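Enquirer: One structure coming up, written as structure tokens, with questions to follow.
Each reported figure results from applying straightforward, stated rules to the coordinates on display, with no laboratory input. What you see is a predicted model; the values in this text were computed from it and never measured. Quick reminder, even Gly has a Cβ in these numbers, built from the backbone with ideal geometry, and neighbours come from all protein chains shown.
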Amino acid sequence: MNSRYILGLVLSVLLLLPACNFKYGTPARGYGYPAGLSVLAPRLGSSGNYTYYPRFEAYYHRASKQFYYPNGKNWVVQPTVLSSTPQEVWDSPSVPFQLPDHPSKYHAQIKQAFPSTWTSGQGRFNEPYEFGRSGWDIDRR
């Protein structure tokens, strides 16, 4: 084979490798999604469909403009969180998620990973980058 052809092929592969990471995306930087939850993190170019507010244990669903939160054994869906204004909730620390199902399915795991005292500075965002995998994706998908 022609050495120019091989060199071109190698360069093409090297240029496509980073694109593979962008295709599948990396979890949003600074949130510290733990193993198991990193698959629910919004990918590059997406803001997610839910935003979790740990202080209120509430999820804001962008499409419906409603808050979802537990109230005892039931889940409440309404435009505000009890005894709080939407602005007060939005001003508190939050974590974006791309949830394929109702938040109740993931709430126990999310609540454990992001307690009510959580702030965005507590993430794993300072980890080094590893070629071929996200430095924040500890479950090594």
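Enquirer: How much length is gained on full extension from residue 39 to residue 112, taking 0.36 nm per residue of separation minus their Cα-Cα distance?
Expert: Numbers: separation 73, 0.36 × 73 = 26.28 nm, distance 1.62 nm.
24.7 nm is the gain from fully extending residue 39 to residue 112.
Enquirer: What is the sum of charges, Lys and Arg at +1 and Asp and Glu at -1, for the other residues whose Cβ falls under 13 Å from the Cβ of residue 90? Write down the numbers at each step before the final one.
Expert: Values: positive: 55, 62, 65; negative: 88, 91.
So the surrounding residues net to +1.
Enquirer: Once the piece of chain linking residue 92 and residue 78 is laid out straight, how much longer is it, given 0.36 nm per residue of separation minus the C-alpha distance between them?
Expert: Details: separation 14, 0.36 × 14 = 5.04 nm, distance 1.84 nm.
Separation in residues times 0.36 nm, less the Cα-Cα distance, equals 3.2 nm.
Enquirer: Amide H neighbours of residue 49 under 5 Å, counting only residues 5+ apart in sequence or on other chains, H built in-plane at 1.01 Å?
Expert: Those qualifying (amide H under 5 Å, at least 5 residues apart or on another chain) are 97, 98, 99.
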